[in-house]
1. From the protein chains alone at 1.4 Å, what is the descending order of accessible area for T77, T55, largest first?
2. Counting only heavy atoms of protein chains, what accessible area per residue, in Å², does the stretch 83-166 have with a probe of 1.4 Å?
3. Taking the full set of protein chains and a 1.4 angstrom probe, give the accessible area of M215 in square angstrom, rounded to the nearest 10.
4. Can you sort H37, H122 by solvent-accessible area, 1.4 Å probe, largest first?
5. Mind checking the stretch 279-338 for trypsin sites (Lys or Arg not before Pro) that DSSP puts in a loop (not H, G, I, E or B) and that have at most 16 other Cβ atoms within 10 Å?
6. Nearest 20 debye, what's the magnitude of the dipole of the chain about its Cα centre given +1 on Lys and Arg Cβ and -1 on Asp and Glu Cβ?
7. Once you charge only the Cβ atoms, +1 for Lys and Arg and -1 for Asp and Glu, what is the size of the charge dipole of the stretch 403-488 about its Cα centre, to the nearest 20 debye?
8. What's the local net charge at P333, with K and R +1, D and E -1, over the other residues with C-beta under 14 Å away?
Amino acid sequence: MNRWFVRLVVVALAVWSLARTEIAEAAPEGTLTWGVHVTLAARWLDPSDTEAFITPFMVLYALHDALVKPMPGGDNTPSLAESWTASKDGLTYEFVLRKGVKFHNGDPVTADDVKYSFDRYHGAAAKLLKDRVREVQVDPGRVRFQLKEPWPDFMTFYGTSATGAAWIVPKKYIEKVGEDGFKKAPVGAGPYKFVSFNPGIDLVMEAFEGYWRKMPNVKRLVFKSMPDETTRAAALKAGDVDIVYLLSGPVAADIKRTAGLRLAAAMPPGVVFLDMPEQWDPKSPWADKRVRLAASYALDRNALNLAETLGLSRPTGGLVPRVLEFAKAFDPPAHDSARAKKLLAEAGYPSGFDAGDLTPFPPYFSLAEAVGNYLQEAGIRTRIRTMERAAFLTAWREHKIKGVIMGLGAPAGNAATRIEVYVTKSGIYANGVVPEIEDLYQAQARELDRKKGERMLHQIQQIMYDRALHVPIYELAFLWGVGPRVEEACVDHIKGFSYSAPYEDLKIKAGK
């Protein structure tokens, strides 16, 4: 046998053996388990029904994929679309689909799936998007969104995690199994496949080794519902879970000083604030701006920050967080209880008044108690009313909560996405409209000159601040506890995202 041929065979076998070894080493291994701060909701398995909050994306980033999405490279990173372009007149957005991408059941991701997913979407931004999109056109491998008029923020509302509209579901599969069948056994195109969901208990997903971006490092993900903070912390200490979300105060401090554990802080674009929905009723004390200002002066934001998030949050006077594009920064007023009482007296309430319920965004109940104490000191008397998260969001959206709401605003995008939700006529959490704000908002939405649009958005934020429409508290630091098995938890890898992501980049320490 020719010696050169023998050498060639030996080299080929060595390369083949090395390749087999590398493949074996790259195969996903192990399980990572989270203790999450909320009761996992079945609707989060379906991107068509996303809220105006970032929490559902804790699941969507694993199970599904989008045309474009926020990634470590920035917002609107091409994903299921390999590229996208906008026409010069601002009326057409075209996406070129990535070739060879498949859903977990083996079906290819097609342009028809993209159109179907958009038509099927009925989440927080559905009305706004569908009012502005004239038509969705499909060709093999391409999708075009034709707008009714130029809208510079189309990609902000469609492509970022402000909505779930760009996340793609399989049309043929849903038509085959029906809506109920899809909810019970969802199929996506993300890095992890659905295994099981036990309402109120856990969600299990397994690595999809055919994911286009890369093979995940971790074989199995388990999310356990643990609404009680001390239960989450105890589970982390015991090694029953590897990562826990939303720690605060003494519990966070305890995790920080526990050997083998570490405290991490994600910085989502979330602002904790007080919403006074009755300010639009001229008979309510909240209708008087002086009363709303009194509530703002009553709060010691620095003390609240230190007590609840170990000083890692950022006190603010603006509803739009500084990290968002087109945000206008406002410093918060200093804590001044005497001035708060004086403002209440000037408004006709020298002995204060009964403001009814203070209903906090779950599960920020300890923060609400501290806020209630500061309001009480100034003369604004409230009673803490706690609600389960889903019930709270529904009641807030349907404007059924009276008194004072301690809200948490966290839609991604830019200043326009935040403003739209809370102070425009289309906003799902808006209780009233200021005509000047509405006119400016509609004008900036059509403005192709970004500098002019920015000036109008700054004007809106100035009006919101001057009228004291809300009482912002701080830009939230979202505290995690991370256990000793975790090599890479993916904290803040995606700007403004509260949770681990991208999931395919997670790593477990060798031998753990």
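1. Details: T77 35, T55 10 Å².
Ranked from most to least accessible, the order is T77, T55.
2. Details: 3500 Å² over 84 residues.
Spelled out: the 1.4 Å probe surface of the stretch 83-166, per residue, equals 42 Å².
3. 70 Å²
4. Values: H37 10, H122 110 Å².
Output order, biggest surface exposure first: H122, H37.
5. Working: sites: K283, K289, R290, R292, R301, R322, K328; in loops: K283, R322, K328.
Here the sparse-neighbourhood loop sites are K283, R322.
6. On the way: 65 positive and 61 negative charges, 148 e Å.
That gives the chain a dipole magnitude of about 700 debye.
7. Details: 9 positive and 11 negative charges, 18 e Å.
Using Cβ point charges on Lys, Arg, Asp and Glu, the stretch 403-488 gives about 80 debye.
8. Numbers: positive: K289, R290, R292, R301, R339, K342; negative: D300, D331, D336, D466.
Taking every other residue near P333 into account, the sum is +2.
The values are calculated or read from the model by the stated rules, or taken from the named source; none is laboratory data. What you are looking at is a predicted structure, and each value in this text was computed from that prediction instead of being measured. Backbone-built Cβ (ideal geometry, glycine too); neighbour counts: all protein chains shown. Side chains included, ligands, DNA and RNA excluded: accessible areas come from the protein's heavy atoms. Shrake-Rupley method; radii C 1.70, N 1.55, O 1.52, S 1.80 Å.
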